[in-house]
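Visitor: Before anything else, here's the structure in question.
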Amino acid sequence: MPTFTGEEAQNYDQRISKLVPGYEIIHQLTAAQLNVTLATNATILVIGAGTGREIIELAQANKGWHFIAQDVSADMLAIADQNFTNLGVRERVTIHHGKVDHSVYKADAALCLLVMHFVQSKRDKVNLLRQISENLKPEGQLYLADLMSPENDFERDAQFQFCHRFLGLTEQGVVKMRRNFIEEFFPISAQCLAELFAEANFSVPIPYFQALGFRAFYAQKHI
Ligand SMILES: C[S@@+](CC[C@H](N)C(=O)[O-])C[C@H]1O[C@@H](n2cnc3c(N)ncnc32)[C@H](O)[C@@H]1O
């Protein structure tokens, strides 16, 4: 996994939109679904909150919502913390560094955007999903976006070309991305994702976004 520390954390915000086709749309589509389903006093658990992108957008539009910003990188959370303070939403955010233990929170919804593909084994992916499930209320919602296994032998090349031509990724950036996709990402198929969701007590994942290899899914925790 990339370290998401030091410079990697500092330049994350400039980098990410060049690497993920539809990065903005994933966030906007997720927000749209939360906006029409959650109560005005909802609590949202954000796994892998990074520099706080999800919370910044959601907190400004929903003044009664509370958030848990969880991440394994203290450097990413430090940037998020500063962003929350600058925007005046800090008092509605609990910052949680490291793993979330069983049943610490009772969130109405959880987000896990662009995180689980960094978790190597299926066992650890299920453990992450269980961590989420155990900190959600019954019927709580999960929104997850990940890089998935390629569905044909040209999908990845098309993605690299798209990032270069349309998102401004440099040629050197493409070379690095090609290497990282092999060494640092651990994508799974949609079928495998459905099996892991079931093991972690979630419903069948419903797709709501796809741009080549990146996809997003919605599911609900069983009662
Ligand atoms: C690509 S960034 C995504 C950040 C944010 N969700 C976004 O959409 O911009 C991935 C983040 O997940 C964090 N991360 C990686 N593995 C994690 C894990 N097992 N549990 C929690 N966070 C993790 C990284 O530290 C990093 O901040």
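The values are calculated or read from the model by the stated rules, or taken from the named source; none is laboratory data. Not measured: the values here are computed from a predicted model. Cβ sites come from the backbone with ideal geometry, for glycine too, and all protein chains shown count toward neighbours. We work out accessible area using only protein heavy atoms, side chains counted, and drop any ligands, DNA or RNA first. Shrake-Rupley method; radii C 1.70, N 1.55, O 1.52, S 1.80 Å.
Visitor: Hey, in the GNM for the chain with a 10 angstrom Cα cutoff, which one of Asp124, Asp81, Asp71 fluctuates hardest?
Guide: Comparing Asp124, Asp81, Asp71 in a Gaussian network model of the chain, the most mobile one is Asp124.
Visitor: List the relative contact order of region 128-223 as a percent without decimals, with contacts defined as Cα pairs under 8 Å and 6+ residues apart.
Guide: Numbers: 112 pairs, mean separation 44.8, N = 96.
Relative contact order, region 128-223: 47 percent.
Visitor: Here's a follow-up. Probe 1.4 Å, all protein chains in place: accessible area of Asp157 in Å², nearest 10?
Guide: That residue has around 80 Å² of solvent-accessible surface.
Visitor: For Ala107, which sequence-distant residues (separation of 5 or more, or a different chain) have an amide H within less than 5 Å of its own amide H, given hydrogens modelled in the peptide plane?
Guide: Leu136, Lys137
Visitor: Which value, in Å³ per residue, describes the convex hull spanned by the Cα atoms of the chain? Kindly include the intermediate steps, with their values, before the conclusion.
Guide: Values: hull volume 25.3 nm³, N = 223.
Considering the Cα atoms of the chain, their hull volume per residue is 113 Å³.
Visitor: How much solvent-accessible surface does Thr43 expose, in Å² to the nearest 10, with a 1.4 Å probe and all protein chains in place?
Guide: Rounded to the nearest 10, the figure is 40 Å².
Visitor: Which number gives the lysine pairs in the chain that have C-alpha atoms under 24 Å apart and are eight or more places apart or on different chains?
Guide: Value for the chain: 14.
Visitor: Where the only charges are on Cβ atoms (+1 Lys, Arg; -1 Asp, Glu), what is the dipole of region 16-174 about its Cα centre, to the nearest 20 debye? Provide the component values of the computation, followed by the final result.
Guide: Values: 14 positive and 18 negative charges, 69 e Å.
So the magnitude is around 340 debye.
Visitor: Give the separation of the Cα centroids, region 4-51 to region 162-223, in Å.
Guide: Centre-to-centre distance over Cα atoms comes out at 14 Å.
Visitor: Using the Kirkwood radius built from alpha carbon pairs, what does the Stokes-Einstein equation give as D for region 96-160 at 20 °C and 1.002 mPa s, in µm² per second? Don't skip to the end; give the middle numbers.
Guide: Values: Rh = 13.5 Å.
Translational D for this selection: 159 µm²/s.
Visitor: Additional query: What residue among Phe162, His96, Met76 has its Cα farthest toward the positive end of the dipole of the chain, where the charges are +1 on Lys, Arg and -1 on Asp, Glu, each on the Cβ?
Guide: His96
Visitor: In whole percent, how big is the carbon plus sulfur part of the accessible area of region 1-139, probe 1.4 Å, protein atoms only?
Guide: Reported share for carbon and sulfur atoms: 51 percent.
Visitor: Along the charge dipole of region 137-211, Cβ charges K/R +1 and D/E -1, which of Gln141, Pro205, Cys192 sits furthest on the positive end?
Guide: Toward the positive end, the furthest listed residue is Gln141.
Visitor: Do you know the relative contact order of region 80-150, to the nearest whole percent, from alpha carbon pairs under 8 angstrom that are 6+ apart?
Guide: Values: 61 pairs, mean separation 28.3, N = 71.
Relative contact order, region 80-150: 40 percent.
Visitor: From the Cα gyration tensor of region 132-199, with a ≥ b ≥ c the square roots of its eigenvalues, which class applies: rounded if a/c is under 1.5, or else prolate if a/b is larger than b/c, or else oblate? Could you put the intermediate results ahead of the total?
Guide: Working: a/c = 2.83, a/b = 2.20, b/c = 1.28.
Note, shape of region 132-199 comes out prolate.
Visitor: Considering Cα pairs under 8 angstrom that are at least six residues apart, work out the relative contact order of the chain and quote it in whole percent.
Guide: Details: 382 pairs, mean separation 48.1, N = 223.
Contact order relative to length: 22 percent.
Visitor: Ignoring ligands, DNA and RNA, what accessible area per residue does region 77-130 give at 1.4 Å, in Å²?
Guide: Values: 2720 Å² over 54 residues.
Result: 50 Å² of accessible area for each residue.
Visitor: Hey, can you find the accessible area per residue of region 1-70 for me, probe 1.4 Å, expressed in square angstrom?
Guide: Details: 3000 Å² over 70 residues.
Heavy-atom accessible area per residue stands at 43 Å².
Visitor: Where is the GNM fluctuation largest for the chain (alpha-carbon springs, 10 angstrom cutoff): Cys112, Cys192, Cys163?
Guide: Cys192
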